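The values are calculated or read from the model by the stated rules, or taken from the named source; none is laboratory data. This one's a predicted model, so the numbers in the text were calculated from it and none came from an experiment. Using ideal geometry, Cβ is built from the backbone for each residue, glycine included, and neighbour counts are taken over all protein chains shown.
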Amino acid sequence: MPRPPILPTVDWRALFERGKDYATWIREAENAENAQQMEALRNAQRAPTRIIDFLRAVPRPVHVIAIAEDWCGDVVRHAPVLARLAEICPNLRVRFVKREDSPETFARFLTNGGEAIPKFVFLSADFVECGNWGPMPDACREYIARGKACGDVGAARQLVGAAYEADKDRTVVVSELARLIDIASSTSPDPEASLLARMMAE
């Protein structure tokens, strides 16, 4: 018999329903300048043709809870990418929440012990947790982790800045988010049945 969980169960559906859609979240932003910048980034965001084709063909609903606050530079950079993908993908449904809206949930998603945002939690059609992303791309998170390990976070942040500069179109973020959308919309546990992999191979 399986042991009961140590952590309380999260009612993902209820948290999602309490969240704000992007239009409401951006309209109620505390920092007007950041809100304008995010809107400019969302409008300018592009994706490769095959990613767009994949997003339009996603077979099942995917729910994303975006833990994000508009004062944060990484939120300003990455939240518009998620919002743009949701515009392209009819089955991608996103709701924004603040850390304080559910601190016990956010505590599950600390980054190396830190309260870093954004965190995008990917849920299936039935609100089963399937993965999470943030607060930055995988390679950048590794820079920060290594910087903490060797006691030189400043140098790590310089590497992150260089990576951001090299990826002005945020194509790395698009790719990583698309992979999580693919996982959360899976119709089979077999990676070879992945819709994204098949479409990218065509």
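Scanning the stretch 180-202 for residues that are assigned to a helix (DSSP H, G or I), within 19 Å of the chain's Cα centre (by Cα) and of a type in the set (Gly, Ala, Ser) yields a single hit, ALA184. Kindly provide the set of residues from the stretch 165-185 that are in contact (Cβ under 8 Å) with a residue 60 or more places away in the chain and either under 30 Å from ASP126 (Cβ atoms) or crowded, with 18+ Cβ neighbours inside 10 Å (or both), ordered by number. Of everything in the stretch 165-185, those that are in contact (Cβ under 8 Å) with a residue 60 or more places away in the chain and either under 30 Å from ASP126 (Cβ atoms) or crowded, with 18+ Cβ neighbours inside 10 Å (or both) turn out to be ARG170, VAL173, VAL174, SER175, LEU177, ALA178, LEU180, ILE181, ASP182, ILE183, ALA184, SER185.
Selection of helices (runs of 4 or more DSSP H) fully inside the stretch 20-119 by the criterion of at least 3 residues being at pLDDT 95 or above returns 22-27, 32-44, 49-57, 73-88.
Each residue in the stretch 71-98 was checked for being more than 24 Å from TYR143 (Cα to Cα) and either within 14 Å of the chain's Cα centre (by Cα) or surrounded by 16 or more Cβ atoms within 10 Å (Cβ to Cβ) (or both), and 14 of them qualify. Residues that are in contact (Cβ under 8 Å) with a residue 24 or more places away in the chain and either surrounded by 10 or more Cβ atoms within 10 Å (Cβ to Cβ) or in a helix (DSSP H, G or I) (or both) within the stretch 8-19 comprise VAL10, TRP12, ARG13, LEU15, PHE16, GLU17, ARG18, GLY19, listed in sequence order.
Here the condition is being free of Cβ contacts under 8 Å to residues at least 60 places away in the same chain and small (Gly, Ala, Ser); of ALA145, ALA125, it holds for ALA145 alone. For ALA162, state whether it is at negative phi, among the small types (Gly, Ala, Ser) and in contact (Cβ under 8 Å) with a residue 12 or more places away in the chain. Considered against the rule, which asks whether it is at negative phi, among the small types (Gly, Ala, Ser) and in contact (Cβ under 8 Å) with a residue 12 or more places away in the chain, ALA162 comes out as no.
Scanning the stretch 150-179 for residues that are closer than 20 Å to PRO137 by Cα and not in a helix (DSSP H, G or I) yields ASP152, ASP167, LYS168, ASP169, ARG170.
Being without any contact (Cβ under 8 Å) to a residue 24 or more places away in the chain and at positive phi holds for only one residue in GLY151, GLY73, and it is GLY151. Among (1) of a type outside the set (Asp, Glu); (2) farther than 30 Å from ASN43 by Cβ; (3) crowded, with 20+ Cβ neighbours inside 10 Å, where does ARG146 come up short? Of everything listed in (1) of a type outside the set (Asp, Glu); (2) farther than 30 Å from ASN43 by Cβ; (3) crowded, with 20+ Cβ neighbours inside 10 Å, ARG146 misses just condition (3).
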